[in-house]
Amino acid sequence: MPDFPLLKLSTPEPYTIRAQRGGGADISRPSRHRQGARLDPRFESLSRVASNPTEILTLRNDPSSIAPERAIVFEVEGSLKDFYQQAHAIGLEYLGDFEDEFASSDDFYDKDDDEKDLNGRIYLAMPDVQSLRELLSLWNRYKQNIRMPKGKGPWRELFSRLMNVRPWGPQDRIPFETLSAWKEDLERVPSRPVRMEIELWFHEDATRRSLAFQQVQTVLNSAGGTIFDHAIFPEIRYDGILAEAPVQYVQSLTENENVSLAVLDEVMFLRPQSIFKQPIPTESQGEHNGTQNSAPQFVNNAPIVALLDGLPIQNHARLSGRLNIDDPDGLDAAYPVNARVHGTAMASLIIHGDLNQGEAPIKRPLYVRPILAPNTQGEEMTPPNRLLVDVIYQAIRRIKAGNEEEEATAPTVLAINFSLGDIKRPFARVMSPLGRLLDYLAYRYNLLFLISAGNILERLPVQGFTNWSDFETASPEDREKKILSSLNAQKSQRTLLSPAECMNALTIGAAHKGSAFNGTLPTGQLDPFTDDGLPNIASAMGLGFKKVIKPELLFPGGRTPVMFASSGTELQVRPPTAGARNYGLKTAFPSPLGRITYEDFTWGTSCSTALATRAVHLIHDSLLDTQGGDPGTLINPNYLPIVLKALLVHGAQWCPRGEFLDSFFMPQGTGSHFIRRDDIARLLGYGVPSVERVLACTANRATLLGYGTITPGNALLYRIPLPSGLDGRRAFRALTLTLAWFSPVNPRHQGYRMASLDISSASEEKYWIASQRDPYQPTDKAVSRGTVYHERRVAEEAQVFIDNGQILLRISCRSTAGEFADVVPYALAVTFEVAIEAGIQVYQEIREKLVAPVPATISA
C-alpha cells in the first residue's frame with residue numbers, strides 16, 4: 001500500500017443550477033428578399049406537387065429534384081436547437097445531421113473576418129407528399145413575412161440561416177474517401193469484384209426497411225452483384241448491407257453519377273468494406289529469451305481486461321498460463337503459429353509492457369476474443385463475409401451479456417482493448433457505424449474501450465525542403481519545425497481511423513518513444529523530433545466527432561524515424577516499413593523456427609493502446625491493493641470502469657513541446673489561441689499521462705477521488721478542504737481537475753451525446769485559490785465537448801482563505817440530444833499540490849479534514 005494513498009472526496013450536496021447565457025460569432029446573413037430570390041428555384045418543384053399530385057412521378061424520376069420519399073439536405077449556417085422536433089412536427093422523417101464548414105460568400109460571412117469559413121450543420125430529413133406541402137407553406141410565409149403558425153416559429157430562423165436546400169444525391173452517397181478506396185482496389189487487383197458496404201437510411205418502420213432492402217437487392221442482382229450480410233441495429237439507427245459488385249459496375253460508379261446505386265433514394269452511403277487488417281511482417285530481427293518465466297501467481301482468476309485482436313501464441317513463454325482464450329468460431333485449428341503476430345504482440349504488451357523495461361506482469365489473466373484470422377496471403381483480418389459492426393457487437397455481447405443459450409463469458413471485464421483501426425474508414429465529419437456501436441455499448445454495458453488512433457503510413461510532404469540532402473543537413477530543430485508544420489498542414493488527410501472517433505472511449509495515440517532507440521539510426525533514416533514528448537510520425541491526428549479532443553492520450557509507440565520517399569517541387573518522407581529493432585518496443589513474437597521464447601520489436605498506435613490498457617490494469621490493481629484499507633469505504637465495483645477512465649487521464653499534461661508548438665503554430669495574436677490550441681490538441685490530446693503520479697500522492701500533493709451518478713438538470717457540490725498553512729501565504733500551487741462519464745447517445749439528434757457534464761467553481765470568486773488556467777493545454781471550450789473534462793489551474797500570489805478554507809466544485813448535467821431519464825455514471829479526480837519548498841503538509845492536512853481515504857481493498 002502506498003504511503004500516501006488516494007483520498008476519498010466527501011459526499012456531494014445537491015446544488016441549484018443557474019441559467020447560462022451563450023454568445024456566438026457576428027454573422028452577416030442575407031435579407032428575406034434575397035433569401036427568396038436565392039432559394040425559390042429550389043422550392044419551385046414543390047409548388048407543382050402542391051397544385052398537381054400527378055407531378056410526383058416526374059419529380060421521382062429526376063434525381064436533382066426535391067421529391068417525396070427522398071432525403072432533403074438543409075445546409076444551415078450555425079446550428080438549430082431542436083430541428084428534430086420541428087421536422088417531426090410537420091411530418092418530415094428526421095434522418096440525422098452532421099457538422100460542416102462552408103466557404104464564406106457575399107450572402108453569408110463573418111463580419112470580423114469575411115474570408116473565414118463558417119461553421120454550420122447539414123440536416124437531413126425525408127418527406128412524404130403532405131410534409132412537402134407543409135414545408136412549402138412555411139417557406140411562403142417566411143418570404144411574405146407572415147407570422148408562422150403556433151409552434152412553427154423556429155422555421156423562420158431556419159430559413160434565415162439556410163445556405164442551400166437540395167436532394168441527397170450521388171455526391172453525398174459516394175464520399176471522396178470511398179472513390180479513392182475503390183480506385184485503389186481496382187488498380188491493385190483489376191479483375192477482382194469489389195466489396196462494399198451499403199448503408200441505408202434507417203426507418204423506424206420495419207416494413208419500410210424491408211422494402212428498402214428489396215430495392216437494393218434488385219439493383220445488385222441486375223448488376224450481377226452478391227449480398228453477403230445484412231444487419232440492423234435500431235439502437236444506433238443502422239441498417240447495413242455487405243455486398244460485392246463486378247469490376248465494370250464499380251468502375252461505372254467511380255466515373256458516372258447516374259449509376260443505379262448512386263441514385264437509389266434508399267441508399268445513404270456507399271462505403272468500402274470496413275475491415276481490420278494487419279500486414280505480414282517484412283523481416284525478423286528478434287532474439288530468443290534464454291530465461292523461462294515462472295508460473296503466474298494471480299490475485300484473482302477473473303479477468304478485468306479483454307483483448308479483441310488476433311489469436312496469440314498460447315504456449316509462448318511470456319504468455320503461457322496467462323491467457324483466457326474464448327474462441328467460439330474455432331479459429332485456432334486454421335491459424336498457423338507463425339501468423340499469430342498481432343495478437344501475440346498486443347497480449348505481451350498488456351501483460352508485461354515493453355519487455356526491455358523488465359516490469360512485473362499483471363495480476364489477473366487476460367481475456368482474449370480472437371476476431372482476426374489469416375487470409376490466403378497470411379495477413380490477419382476480420383471475417384471477409386460479415387459486416388464488421390456485427391462481428392464486434394456479437395463479440396462484446398458474448399463477453400458481457402451472453403444469450404439465451406449461454407451465459408456471459410467474461411462478465412467481470414471492465415475494459416476492452418481495440419488495437420485495431422479501419423484503414424478504409426478515416427474519420428470525416430460523420431460518426432462511423434462502429435463508432436456509434438461502441439458508444440452505445442460503453443454506456444449499455446458500463447465498459448471502458450481503449451482504441452488506437454490509427455497509423456497513417458502515407459507519404460508526408462515536408463514544407464521548406466525540395467530534396468533529402470537539404471533535409472539531412474538541416475539542424476534537428478529546423479527539421480522538427482518543418483515536420484510539425486507539415487503535419488498540421490496535412491491534418492485533414494491524416495485523420496483518425498474508425499472507430500477511434502468513438503466519444504465514450506479513450507483514444508490512444510503513439511508518443512515518439514521506444515526503448516529500442518539508442519540515439520543512432522541506419523543510414524537513410526533520421527529522427528524527425530528532438531525528444532520523445534511529441535507523437536510519432538505515423539500517429540493519426542484528431543480532432544474527433546464534434547471537434548472532441550482526440551486522441552485523448554499518448555503512450556509510447558516507437559521513436560519512429562523518417563526516410564526518403566520522393567522529391568521534386570517538395571520533399572516527401574515516410575516512416576520505414578522495417579527496422580523496428582532500432583526504435584520500437586520489445587514483445588513476444590512468433591519464431592521463424594517455431595520456438596516459444598522468441599521476442600521481437602514492433603511499433604505504432606496498436607502498441608500505445610496496449611500499454612494504455614496495461615496502465616488501466618495497474619491503476620485497478622493499485623485501487624485493489626489487499627494490504628490495507630477501510631472495508632466501510634469500499635468503491636462500488638459498478639463504478640470502476642468510469643473511475644479508471646478518469647484516473648488514466650488525470651495524470652496527463654502537455655509536455656514542454658506544447659509550449660514550443662504554441663509559440664510557432666499559426667495563427668498568432670489576440671483571440672487566435674482557440675484555433676491554435678485545437679491544432680496542438682490534434683497532435684497531443686491531453687498529453688502523455690504519468691501513471692505513477694496517479695497511483696500515489698506525496699506530502700505536498702493530494703489526489704482525491706469521487707464518483708456517483710447524476711441526472712439531467714441537476715448539479716452536485718463537492719467541498720475540498722485546503723491546508724491551513726497556505727492561508728495568506730505566497731506559494732506556487734496547482735489544481736488539476738478530471739471529470740469523466742459515459743453518456744447515452746442519440747444518433748438521430750444533432751447533439752448525439754445526450755449527457756453533457758461540466759465542472760466549475762461554485763465560489764463567488766471563481767477558482768480563487770488557483771485562478772489561472774495553465775495556458776499550455778486544450779482550451780476551456782475544447783475540454784467540454786466530449787466525455788472527459790480535464791484541466792490544470794495554477795497560481796502563486798498570496799490568497800486569504802474564503803469559503804471556510806474550501807474549494808467549492810460544482811458538477812452539473814444537462815441534456816444535449818433530447819430528454820432522457822437515465823442516470824449518468826461519473827468519476828471526479830482532483831489533485832491539489834503546493835511547491836515542495838513551501839514546506840506545507842498538503843496531504844496530511846487535507847486527509848485530516850476528510851472523512852476517510854479511498855480504500856486499498858475492494859471486493860471484485
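Quick notes on this one:
Each row is one residue, and each column tells you yes or no for (1) of a type in the set (Gly, Ala, Ser); (2) within 25 Å of Leu624 (Cα to Cα).
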{"residue": "Gly358", "(1), (2)": "yes, yes"}
{"residue": "Arg364", "(1), (2)": "no, yes"}
{"residue": "Gln377", "(1), (2)": "no, no"}
{"residue": "Gln394", "(1), (2)": "no, no"}
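- Looking across region 383-428, the residues that are in contact with a helix residue (DSSP H, G or I) (Cβ under 8 Å, 6 or more places away or on another chain) and closer than 26 Å to Ile122 by Cβ come down to Leu388, Val389, Gly421, Asp422, Lys424, Arg425, Pro426, Phe427, Ala428.
- Residue satisfying condition, being of a type in the set (Lys, Arg), touching a helix residue (DSSP H, G or I) at 6+ places or on another chain (Cβ under 7 Å) and under 21 Å from Tyr789 (Cβ atoms), within set Arg701, Arg719, Arg693: Arg701
- The residues of region 661-692 that are over 20 Å from the mean Cα position of the chain (by Cα), within 28 Å of Ile807 (Cα to Cα) and surrounded by 18 or more Cβ atoms within 10 Å (Cβ to Cβ) amount to a single one, Val691.
- The residue that is nearest to Val267 (Cα to Cα), among those in region 157-188 that are polar (S, T, N, Q) and in contact with a strand residue (DSSP E or B) (Cβ under 8 Å, 6 or more places away or on another chain), is Thr178.
- Some residue of region 228-237 being assigned to a strand (DSSP E or B), touching a Phe, Trp or Tyr at 6+ places or on another chain (Cβ under 9 Å), of a type outside the set (D, E, K, R) and open to solvent by less than 30 Å² (accessible area, probe 1.4 Å): yes
- Those residues of region 115-136 which are open to solvent by 10 Å² or more (accessible area, probe 1.4 Å), over 30 Å from Ser432 (Cβ atoms) and in contact (Cβ under 8 Å) with a residue 12 or more places away in the chain, in sequence order: Val129, Gln130, Arg133, Glu134, Leu136
- Every test in (1) of a type outside the set (A, V, I, L, M, F, W, C); (2) part of a helix (DSSP H, G or I); (3) over 27 Å from Asp100 (Cα atoms) is passed by Thr178 save one, and that test is (3).
- Candidate set: region 545-563, residues that are under 16 Å from the mean Cα position of the chain (by Cα) and open to solvent by 30 Å² or more (accessible area, probe 1.4 Å); chosen: the one modelled with the lowest pLDDT: Lys546
- For Val430, the criteria (1) modelled with pLDDT of 95 or more; (2) of a type outside the set (Lys, Arg); (3) touching a strand residue (DSSP E or B) at 6+ places or on another chain (Cβ under 9 Å); (4) more than 24 Å from Cys607 (Cβ to Cβ) hold in every case but one, which is (1).
- Number of residues in region 189-203 that are farther than 18 Å from Val267 by Cβ and either free of Cβ contacts under 8 Å to residues at least 24 places away in the same chain or part of a strand (DSSP E or B) (or both) equals 1.
- When Gly519 is tested against (1) open to solvent by 10 Å² or more (accessible area, probe 1.4 Å); (2) at negative phi; (3) assigned to a loop (DSSP other than H, G, I, E, B), just one condition goes unmet, and that condition is (2).
- Checked against the criterion of being under 28 Å from Glu599 (Cα atoms) and open to solvent by less than 40 Å² (accessible area, probe 1.4 Å), region 382-395 has at least one qualifying residue.
- Exactly one residue out of Ala302, Ala339 is within 28 Å of Tyr393 (Cβ to Cβ), touching a residue at least 24 places away in the same chain (Cβ under 8 Å), open to solvent by 20 Å² or more (accessible area, probe 1.4 Å) and over 28 Å from the mean Cα position of the chain (by Cα), and it is Ala302.
- Pick from region 669-686, criterion touching a helix residue (DSSP H, G or I) at 6+ places or on another chain (Cβ under 9 Å) and farther than 16 Å from Leu484 by Cα, ranking: modelled with the highest pLDDT: Tyr686
- Qualifying residue in region 703-725 (condition: modelled with pLDDT of 95 or more and out of contact with any strand residue (DSSP E or B) (no Cβ under 8 Å at 6 or more places or on another chain)): no
- Residues in region 238-290 that are of a type in the set (D, E, K, R) and modelled with pLDDT under 85 were compared, and the one that is most open to solvent (accessible area, probe 1.4 Å) is Glu257.
- Only listed residue being open to solvent by 30 Å² or more (accessible area, probe 1.4 Å), modelled with pLDDT of 95 or more and within 22 Å of Trp603 (Cβ to Cβ), chosen from Pro328, Pro361: Pro361
- Restricted to strands (runs of 3 or more DSSP E) entirely inside region 698-748, those with at least 3 residues that are touching a Gly at 6+ places or on another chain (Cβ under 8 Å) and crowded, with 16+ Cβ neighbours inside 10 Å are 715-721.
- Pro154 vs. criteria closer than 29 Å to Leu264 by Cβ and either in contact (Cβ under 8 Å) with a residue 24 or more places away in the chain or among the β-branched types (Val, Ile, Thr) (or both): no
- Of all residues making up region 171-227, the number that are open to solvent by less than 60 Å² (accessible area, probe 1.4 Å), among the β-branched types (Val, Ile, Thr) and more than 21 Å from Leu388 (Cα to Cα): 2
- Top-ranked residue in region 29-52 [being open to solvent by less than 20 Å² (accessible area, probe 1.4 Å) and polar (S, T, N, Q); ranked as modelled with the lowest pLDDT]: Ser45
- Any chance Leu7 is in contact with a Pro (Cβ under 6 Å, 6 or more places away or on another chain) and either modelled with pLDDT of 85 or more or open to solvent by less than 20 Å² (accessible area, probe 1.4 Å) (or both): yes
- Residue match in region 356-372 (condition: charged (D, E, K, R), under 21 Å from Leu585 (Cβ atoms) and in contact with a Leu (Cβ under 8 Å, 6 or more places away or on another chain)): no
- Tabulated pairs, region 161-174, first over 18 Å from Leu132 (Cα atoms) and among the hydroxyl-bearing types (Ser, Thr, Tyr), second modelled with pLDDT under 95 and open to solvent by 20 Å² or more (accessible area, probe 1.4 Å), C-beta under 9 angstrom, 6+ apart or interchain: none
- Just one of the numbered conditions (1) open to solvent by less than 10 Å² (accessible area, probe 1.4 Å); (2) touching a Leu at 6+ places or on another chain (Cβ under 8 Å) is not true of Ser761: (1).
- In the set Ala817, Ala856, Ala798, Ala835, only one residue is open to solvent by 10 Å² or more (accessible area, probe 1.4 Å) and at pLDDT below 95; that residue is Ala798.
The values are calculated or read from the model by the stated rules, or taken from the named source; none is laboratory data. From a predicted model like this one, the values you see are computed outputs, not experimental measurements. Cβ sites come from the backbone with ideal geometry, for glycine too, and all protein chains shown count toward neighbours. Note: areas computed on protein heavy atoms with side chains; ligands, DNA, RNA excluded. Shrake-Rupley method; radii C 1.70, N 1.55, O 1.52, S 1.80 Å.
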